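> Have a look at the structure that comes next, please.
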Amino acid sequence: MDLKGTYNGLERKNQIFNWHDIEKQGYYLSNGNYESGCTTVPAEDIENKHAIVIGSGIAGLAAACYLVRDAKMPGKNITVYEARSVSGGSCDGMFIPGKGYVISGGREMDDHFECMWDLFKDIPSCDDKNVSILDMYKRLNERDPNFSNCRVSYNRGQNAAPDKKFNMSDKAQMEVLKVMLSKNEDLYGKSIDQFFTEETFNSNFWYYFKTMFAFKNEHSALEVKLYLQRFIHHLEGFTDLSSLRFCKYNNYDSIILPMENWLKERGVNFVYHAMVTNVLFTKQGGKKTATKVEVTIEGKEKTVDIDENTFVFFTNGSNTANLKLGDHHTAPEFDTRVYGSWKTWQNIAKQDPSFGNPDELLADPEITQWESATLTTMDNEILKYIKNVTGRDPRDGKVVTGGIVTIKDSGWVMSWTINRQKHFLDQDPEKNTIVWIYGLYTSNIGNYVKKRMRDCTGEEIAKEWLYHIGCPLDKIDELAAKGCNCIPCMMPRVTTYFVSRSKGTYPEVVPEGVTNFAFLGNHVHVDRDCSFTTEKSIRTAMMAVYKFAKVNRAIPEVYGSIYDIRWVLKAFVDMRDGKPLNDTKMFEVPSFLEKPVAMGQKLLLDKVILPAVDKTDIGVLLRRLKVFDFSGVKTK
């Protein structure tokens, strides 16, 4: 395939990074400092262009940031419509009077979120305007590296995997490799339980993987494949979460607030309580142009007429749509109505098949739901049980759990985490510790509280958690009642990203023929990227802005560790808990042939293959990564 394209008159032919028609897509990919370190020039006639951003989650804010920073669009030309009274979308974090501290979820960061770090190097942090978000992250995580002392627990707080092993059989390894190396076309519409057997599902690997990312056995095989490829360089870190980076505070205070402040300082207009209900298109000569935006602002309906000189950016579908909070004495509602950005996407999708199919993702809320809870301690006795599990004191301001602790014998498949404290800017870490809890299977019955999680009050969820972290049985009820405050959060759409979707369910960032409208966020198709990450949200924003404004700079490619032989080889070894590949059973054979086949494989490796590669730099790499045991090899 000879891929060729032009970009602003510059002819490019680059099969390594660009697997698309550059001229048609309107942007190009690269990596390295030549492109990432350069600054941009103002886009042509940009002072006469305008932008409407629908939704002020991280994707919408990123689009506005790229318009200002890279396209050089005047801030006053940008309007952000937000349906709520506060920005952030799913990256939330707040104190609600009458309830308490609430976070629906957190975000796990990776050092190869290339688009995110590209943006955050220029956004001042919330603590010090002279220090960027990127610098704050790096300095914090270097000073206090993240790792978990107890990734999986059982039997009321005991470490279930002190050896930090995956415990995968050869058959399980081959099942995972088959999915990871499959073509996308062979995985559309298929669930992971069509590929994995109990051999894989019962391994520590699957427990680490499914709870770290919130996968269920019936979720998309395609999305599992994308995750395996996207994060193959972090496979070893799954066992202790040492590959992760976390904010200093919650996502809202650490990320959203600084982005919003930066935009407002540059004149960007924010309109709150503004629900966009539809975007209308005119089709002519193969072109699809957004011409009207229908929006309800504080109850008053309004139509905004636009033309090709106004770019529209829409975050389609929210994973925290239908979010309902309970409180310490009330269970949350399970609300499956379709409204908000999902209804808007439905209205838009009716106008053209290239605008995606939200109905497929909304079909079964039981597949896409789980529940979280924010627990605030008020009695320091609870901290000693936390320390028994984590080996750390939450009050020292450093890493506590180092990511989630999954309770392997929990009926709800409960996980919990404590980030560095304080977790909120106005929190007193000496008096309160913020714990985030989530249950993957809310219809299951608890171990201590004999109820479904979704039917539980915050107090009952607190009891279940205290039971699993080893609190004495005679103290659980009192500490749950008076020693903490727990706010449950039910999210029926939280893993719509993981539905076994068909090809075309996700629209392209800018569908073919569209002149001034882009889809943003995680329900959008991006080659090689997986969903449910801040990086994908920001990447889609960068792709859309760079296309419309013809920005003269490359977009960083999705980190290509799957194409780096060093990471691939290391992942094979990590998957085998450090055991070399010499004795791997690559395929099933009848039992009476197992011994002769194994002997033949060993002879072939020791006498032919390994001696040959040992004379080359390939041998140096294989030895360094301990891919094979060379002890029986004689190299002449």
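The values are calculated or read from the model by the stated rules, or taken from the named source; none is laboratory data. For clarity, every value in this text was computed on a predicted model and none was experimentally measured. Cβ sites come from the backbone with ideal geometry, for glycine too, and all protein chains shown count toward neighbours. Protein only, heavy atoms only, side chains kept; ligands, DNA and RNA dropped before computing areas. Shrake-Rupley method; radii C 1.70, N 1.55, O 1.52, S 1.80 Å.
> Any lysines with Cα under 20 Å of the LYS398 Cα? List them, leaving off those in the same chain fewer than 8 positions away.
Partners found: LYS138, LYS248, LYS384, LYS387, LYS422, LYS431.
> If you don't mind, there's one more thing I want to ask. Once fully extended, how much extra length lies between MET378 and HIS273, figured as 0.36 nm per residue of separation less the alpha-carbon to alpha-carbon distance? Mind showing how you got there, number by number?
On the way: separation 105, 0.36 × 105 = 37.80 nm, distance 3.45 nm.
Additional length available on full extension: 34.3 nm.
> For the chain, what is the accessible area per residue in Å² when the probe is 1.4 Å?
Details: 26150 Å² over 636 residues.
The answer is 41 Å² per residue.
> Could you look at segment 201-246 and say what percent of its accessible area is carbon and sulfur, using a 1.4 Å probe and all protein chains? It would help to have the intermediate numbers written out before the result.
Values: 320 of 840 Å².
Exposed carbon and sulfur together represent 38 percent of the surface.
> Hey, can you rank 475-482, 414-421 by average C-beta count inside 10 Å, highest first?
For the peptides 475-482, 414-421, the packing ranking is 414-421, 475-482.
> Could you work out the helix-only [θ] at 222 nm for the chain, with each DSSP H run of four or more residues adding -39,500 (n - 2.57) and the total divided by the number of residues, to the nearest 500 deg cm²/dmol?
Values: 21 runs with 184 residues, N = 636.
Rounded to the nearest 500, it is -8000 deg cm²/dmol.
> First obtain the Kirkwood hydrodynamic radius of segment 111-238 from its Cα pairs, then insert it into the Stokes-Einstein equation at 25 °C and 0.890 mPa s, and state the resulting D in µm² per second as a whole number. Can you show the working numbers first?
Working: Rh = 17.1 Å.
Diffusion coefficient, whole number: 143 µm²/s.
> Here's something else I'd like to know. In square nanometres, what is one fourth of the surface area of the convex hull spanned by the alpha carbons of segment 353-505?
Details: hull surface 42.4 nm².
Projected over every direction and averaged, the Cα hull of segment 353-505 covers 10.6 nm².
> Just grab the label-to-label distance for LYS350 and ASN167, each label 7 Å out from Cα along the Cβ direction, in nm (one decimal).
Distance between the two pseudo-spin positions: 5.3 nm.
> Where a ≥ b ≥ c are the square roots of the eigenvalues of the C-alpha gyration tensor, would you call segment 18-136 rounded, which needs a/c under 1.5, or, failing that, prolate if a/b is larger than b/c, or oblate?
Details: a/c = 1.88, a/b = 1.46, b/c = 1.29.
Prolate shape, in that a/c is at least 1.5 and a/b is the bigger ratio.
> Of the accessible area of segment 438-482, with the probe set at 1.4 angstrom, what percent is carbon plus sulfur? Mind showing how you got there, number by number?
Working: 850 of 1790 Å².
Carbon plus sulfur share of accessible area: 47 percent.
> Identify which of the listed values of mean projected area of the Cα convex hull in nm² was calculated from the structure shown: [x] 40.7; [y] 32.2; [z] 30.6.
Identified label for the calculated read-out: [z].
> Continuing with this model, one more query. Mind running the shape call on segment 25-78? Use the C-alpha gyration tensor, a ≥ b ≥ c as the square roots of the eigenvalues: rounded below 1.5 for a/c, prolate if a/b tops b/c, oblate otherwise.
Values: a/c = 2.10, a/b = 1.40, b/c = 1.50.
Oblate.
> Sticking with this one: Going through segment 317-385, which trypsin sites (Lys or Arg not before Pro) have at most 11 other Cβ atoms within 10 Å and a DSSP loop state? Present the calculation step by step, with values, prior to reporting the outcome.
Values: sites: LYS324, ARG337, LYS343, LYS350, LYS384; in loops: ARG337, LYS350.
Taking segment 317-385 and a limit of 11 other Cβ atoms within 10 Å, the loop trypsin sites (Lys or Arg not before Pro) found are ARG337, LYS350.
> Now a separate question. How much of the accessible area of segment 379-420, in percent, comes from carbon and sulfur atoms when a 1.4 Å probe is used? List each step's numbers first, then the result.
Numbers: 490 of 1220 Å².
Carbon with sulfur: 40 percent of the solvent-accessible area.
> Using a basic spin-label model with each label point 7 Å from the Cα along Cα→Cβ, how many nm lie between TYR154 and ASP45?
Going from the TYR154 label point to the ASP45 one covers 6.7 nm.
> Calculate the FRET efficiency for LYS579 and VAL620 from the Cβ-Cβ distance with a Förster distance of 30 Å, rounded to the nearest 0.05. All intermediate terms of the calculation are to be shown ahead of the outcome.
Values: r = 20 Å, r/R0 = 0.68.
That pair, LYS579 with VAL620, gives E of 0.90.
> Follow-up. Which FRET efficiency, nearest 0.05, do ASN33 and ASP127 yield, Cβ-Cβ r, R0 22 Å? Write out the running numbers ahead of the final one.
Numbers: r = 28 Å, r/R0 = 1.26.
The pair ASN33/ASP127 has a calculated efficiency of 0.20.
> What residues have an amide H closer than 5 Å to that of PHE281, excluding those fewer than 5 places away on the same chain, when H is modeled at 1.01 Å from N in the peptide plane?
Those qualifying (amide H under 5 Å, at least 5 residues apart or on another chain) are THR291.
> About the Cα centre of segment 301-412, how large is the charge dipole given +1 on each Lys and Arg Cβ and -1 on each Asp and Glu Cβ? Please answer in debye to the nearest 20. Mind showing how you got there, number by number?
Values: 11 positive and 18 negative charges, 124 e Å.
Dipole magnitude for segment 301-412 comes out near 600 debye.
> 7 Å from Cα along Cα→Cβ at both ASP477 and ASP186: what's the point-to-point distance in nm?
Using points 7 Å along Cα→Cβ, the separation is 5.7 nm.
> Using DSSP, restrict attention to beta bridges with both residues in the chain and report what percent are antiparallel, rounded to the nearest 5.
Details: 51 of 74 bridges.
Antiparallel: roughly 70 percent of the beta bridges in the chain.
> Please give the FRET efficiency for ASN261 paired with GLU430, using the beta carbon to beta carbon distance and R0 = 35 Å, rounded to the nearest 0.05. Mind dumping the intermediate values first?
Values: r = 28 Å, r/R0 = 0.81.
Step by step, r from the Cβ atoms, then E = 0.80.
> If the only charges are +1 at each Lys and Arg Cβ and -1 at each Asp and Glu Cβ, what is the size of the charge dipole of the chain around the Cα centre, to the nearest 20 debye?
Numbers: 81 positive and 83 negative charges, 210 e Å.
Here the chain has a charge dipole of around 1020 debye.
> Go through 463-470, 105-112, 301-308 and give me the packing order, highest mean Cβ count within 10 Å leading.
On the way: 463-470: 23.5, 105-112: 19.9, 301-308: 12.6.
Going from most to least packed, we get 463-470, 105-112, 301-308.
> Ordered by packing density, taken as the mean number of other Cβ atoms within 10 Å over each peptide's residues, highest first, how do 567-575, 28-36 rank?
On the way: 567-575: 19.8, 28-36: 15.1.
Result, highest mean first: 567-575, 28-36.
> Can I ask one more? For LYS24, project a label point 7 Å along Cα to C-beta. Then give me every residue of segment 493-518 with its amide nitrogen under 16 Å of that point.
504, 508-515
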